[in-house]
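This report concerns only the one structure given below.
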Amino acid sequence: MKAVVVIFPGSNRERDLCAALARVTGHEPVRVWHRDASLPEADLIVLPGGFAYGDYLRCGAMAAHSPIMHDVRRRAADGVPMLGICNGFQILTEAGILPGALLPNRSLRFTCRDIHLRVENNQTIFTCGYEAGQTIRVPVAHHDGNYTADPDTLDRLEDGGLVAFRYCGPDGGLSEAANFNGSARAIAGIFNDTRTVLGLMPHPENATDPLLGSTDGRALFAGLVGALQ
Amino acid sequence: MTGGSNVTPALAAELGLTGEEFERAVAILGRTPNLTELGIFSAMWSEHCSYKSSKIWLKTLPTTGPRVICGPGENAGVVDIGDGDAVVFKIESHNHPSFIEPYQGAATGVGGILRDVFTMGARPIAILDSLRFGSPDHPRTRHLVSGVVSGIGGYGNCVGVPTVGGECEFHPSYDGNILVNAMCVGLARADRIFYSAAAGPGNLVIYVGAKTGRDGIHGATMASAEFSADAGAKRPTVQVGDPFTEKLLIEACLELMEGDAIVAIQDMGAAGLTSSSVEMAGKGGLGIELDLDRVPVRETGMSAYEIMLSESQERMLMILRPGSERDARRIFEKWELDFAVIGRVTETGRLVLRMNGEIAAEIPVAPLVTAAPLYERPWRRRAPEPEVDPASLPERDPLDCLRRLLASATLASKRWIWEQYDHLVMGNTVRRPGADAAVVRVSAPGNTIFKALALATDCTPRYCRADPVRGGAQAVAESWRNLTAAGAEPLALTDNMNFGNPERPEIMGEFVGAIEGMREACVALAYPVVSGNVSLYNETNGSAILPTPVIGGVGLIVDARGAVDLALKHDGDALILIGETCGHLGCTLYLREIEGSEAGPPPMVDLTAERRNGDLVRAEIRAGHITACHDLSDGGLLAAIAEMAIAGGRGLVLDPFSGALPRNAFLFGEDQARYVVETAVPDAVLGAARAAGVPARVIGVVGGGALTLTGAGAISVDALKAANEAWLPGYMAQA
């Protein structure tokens, strides 16, 4: 599987992501600079976490207008698998590739900790490594992860099986407390209509190494490799 | 060139120079300095830049060792960690700016210490923050906590360097002077370290990074004076941080450092362009000429004085090898950073500044650096505190006392703080905040080597106030112990000396005493000082902070898979207390929080016992005999055991034998050189302890959902956790 990671000025989780991909695929992904005009051939395109352009405007708003985004949009439309994590998810929504927006967390504070996710739909290339309804533990690290969209869009996501993950408790139950950032319907990650694009706020790439305490994120990458081979 | 007609001793005094220092500047120049030159003397001879009150004492600290590559004097210390790797680290204060404008003050403190580390060629891999605030009841404390924590997070999270540890305490002595000390740790190749000494007359001097504005002018001078009631009026001297530019600067500098273009490099920290250019020239024994018209500025009409003394952030000065300018420029332009040739190295030994076709300043460099004033200020030792007899204190329910201690501001969980820091980015955080030491892997992910660093910051200021010598030794010993408790070999430390006004003999006595204690401990533990920072004048209206020599320690873990933490792991394991318990209650947290007294001397620090006990614990961890380990400090044995239970979500039955000691002296005394370890093989651990001559005995067994104290009842681990975790979020939620 050939993975390409798009680097924006201010990306800062590209190393974590490349390490996770290398751990699963056995080789380093290709890194592409945001000012490049086009992407190389790829089986998977990833937008990593960070603070593109410092996120001084809205998160992801500047990066969505980087030169490379023209080709990113085209590839997404062509159905090339695409993964946006944290800031990458914010950029995908700002670029209109995924619906909705990420508002500041309900606490108005940056939050870095392990949370639990419920896998809502495992019939996709991204989630096929999990059981439907499975609970996994992965970290979050963001200030603006409070997913929002208009009610029609939310209904469409729900009805179409386009909700990928929801924040939940350790037992898989939904609650106000488990939905720590206040996301609409506890949504932590969504697919596009063709389920070839996944955007999520949590960091599965930081849960792929037993030395660091959790390997629950590994199945996402391993599942992708399996599905794309 | 003519002297400034309006430069007078009175103006010099306003800029912080004494009459004698002003005369010395006049003698060096052979004329009255102009305003720009006066500003340069004032900044370079400020306490912050010159260490004029502290230098003769700092020199007495041990700074060498078999692993030390570079000790104090450069931007950061460098220590060999094998396999061609080096760890580069330093701690630095941003106390005064953080009190005036907490968000920007703390943020730029992080930015500054990051630059100190990547200037040396190291990629920053971890940040730690040692914070001290005033009483929780003080009207400004909540605002300061909130601002400082979001400032640190705002900067560190954005640059993508994990904030993995630190400490946070509250005490009324910090009401008017909070402490914000930031430590950065970086990783470099041992044969690719970059230094700041200028070389090669004719070589170009390059300015890179952000543009220069009017922010932070004379910040170094501000940081060298006491506050009066109008501290808020100094807000314009606080700099504004831009972590996004810093991130670009890190990447651009490290990219350039892969080649051979750089002769010397220095970040523009306190006193900005002044101190960076003077230090580079001074260390190289050379001169430097700068054309200030070529300095990138973000405001119009800036004077030479303003350009030289601005403390705008995210800027670096470099000297490049001839012929490498074009490649260097390409890298910085890729990262959308300013890159300007602003001068050249000369053989004259003089700092010459040109602007608008005129010479704006001309000062001989050597006297500016080497003839900087040095003071051996008078000092006075404090009378020792009388001992506190534990038998004189009332008997109290130990579990009730424990619950109160865990909910005290000092021991309360700081989760509310460190969850606002990205402590996971870079994917190497093996042990997260909240333990004795953070553990960060340094080998590449996926590598079969599992090398890691243990990192911690420590100080017990109340000990330092009661007995500066013992307190200084204890701070070093506790740092060494915290690294040991993670299974690490302590390598070296960086110190942040936070004190009051050194012109007062009792404050200078605190400083001298702390250094003496630190020196004894560093020597006994083979734990040298490789970098550091001094912050004096932490006083408001004549009231000083507790003396606070913060120790930032770095230790090496050969195989991170064998590192331990403090969380209890398995029911049925034995708990062993390592070290001797004498029931020392003077100056303890128990005495302060339960009895409302700060009386008594701090506990004895027996450095021979420290070393022997720590070496045993480390060996037993490496032998795989130990499943959890915690050093004993604030709150003594019972607080440590409770923290282990909370971290593991698991109870225990404690059956300590207190002998002739009053029970609470045994449970809450703060005798040093002690650890609690959890083990499945108690006989092996006890045997090793016996062989090493280390006092050790089984005091309990892991299991159940409560902390049960034989003869005194039980308290559930959930209740302990609730008491420990509720305080800080509750406090911060109050309007």
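The values are calculated or read from the model by the stated rules, or taken from the named source; none is laboratory data. This is a predicted model, so every value here is computed, not measured. Heads up, the Cβs are rebuilt from the backbone with ideal geometry, glycines too, and the neighbour counts pull from every protein chain shown.
Observations on the model:
- Residue satisfying all of: in the range A:120-154; in a loop (DSSP other than H, G, I, E, B) and within 14 Å of chain B (Cβ to nearest Cβ); farthest from A:TYR56 (Cα to Cα) among these: A:GLY145
- Flag for B:VAL425 being in contact with a Gly (Cβ under 9 Å, 6 or more places away or on another chain), assigned to a loop (DSSP other than H, G, I, E, B) and either buried (at least 24 other Cβ atoms within 10 Å of the Cβ) or within 14 Å of chain A (Cβ to nearest Cβ) (or both): yes
- Residues within the range A:25-52 that are farther than 21 Å from A:ALA76 by Cβ and crowded, with 21+ Cβ neighbours inside 10 Å, tallied: 1
- Screening B:GLY487 on (1) away from chain A (no Cβ under 12 Å); (2) more than 21 Å from the chain's Cα centre (by Cα); (3) assigned to a loop (DSSP other than H, G, I, E, B); (4) surrounded by fewer than 22 Cβ atoms within 10 Å (Cβ to Cβ) shows it passes everything except condition (4).
- Considering the range A:101-112, and only residues there that are surrounded by 20 or more Cβ atoms within 10 Å (Cβ to Cβ) and assigned to a loop (DSSP other than H, G, I, E, B), the residue that is farthest from the other protein chains (Cβ to nearest Cβ) turns out to be A:ASN105.
- Scanning the range A:32-58 for residues that are of a type outside the set (Asp, Glu), within 18 Å of B:VAL425 (Cα to Cα) and within 14 Å of chain B (Cβ to nearest Cβ) returns A:PRO48, A:GLY49, A:GLY50, A:PHE51, A:ALA52, A:TYR53, A:GLY54.
- Flag if B:SER408 is within 14 Å of chain A (Cβ to nearest Cβ) and touching an Asp or Glu at 6+ places or on another chain (Cβ under 6 Å): no
- Verdict on B:GLU347 being within 19 Å of B:ILE206 (Cα to Cα) and away from chain A (no Cβ under 14 Å): yes
- Residues satisfying the stated conditions in the range A:174-229, i.e. basic (Lys, Arg) and either buried (at least 24 other Cβ atoms within 10 Å of the Cβ) or within 14 Å of chain B (Cβ to nearest Cβ) (or both): A:ARG218
- Pick from the range B:262-302, criterion hydroxyl-bearing (Ser, Thr, Tyr), in contact (Cβ under 8 Å) with a residue 12 or more places away in the chain and out of contact with any strand residue (DSSP E or B) (no Cβ under 8 Å at 6 or more places or on another chain), ranking: surrounded by the fewest Cβ atoms within 10 Å (Cβ to Cβ): B:SER275
- Any chance B:GLY553 is assigned to a loop (DSSP other than H, G, I, E, B) and touching a residue at least 12 places away in the same chain (Cβ under 8 Å): no
- Residue that is nearest to A:PRO29 (Cα to Cα), among those in the range A:43-71 that are touching a residue at least 40 places away in the same chain (Cβ under 8 Å) and over 18 Å from the mean Cα position of the chain (by Cα): A:ILE68
- Candidate set: the range B:50-103, residues that are aromatic (Phe, Trp, Tyr) and touching a strand residue (DSSP E or B) at 6+ places or on another chain (Cβ under 7 Å); chosen: the one modelled with the highest pLDDT: B:PHE89
- Looking only at residues of the range B:117-161 that are in a helix (DSSP H, G or I) and touching a Cys at 6+ places or on another chain (Cβ under 7 Å), we find that the one that is farthest from the other protein chains (Cβ to nearest Cβ) is B:VAL117.
- Residue check for B:PRO656: farther than 19 Å from B:PRO695 by Cβ and part of a loop (DSSP other than H, G, I, E, B): no
- For the range A:19-29, the candidate set comprises residues that are more than 9 Å from chain B (Cβ to nearest Cβ) and of a type outside the set (Ser, Thr, Tyr); within that set, the residue that is nearest to the chain's Cα centre (by Cα) is A:LEU21.
- Filter result (under 22 Å from B:SER310 (Cβ atoms) and more than 34 Å from the chain's Cα centre (by Cα)) within the range B:12-53: B:PRO33, B:ASN34, B:LEU35
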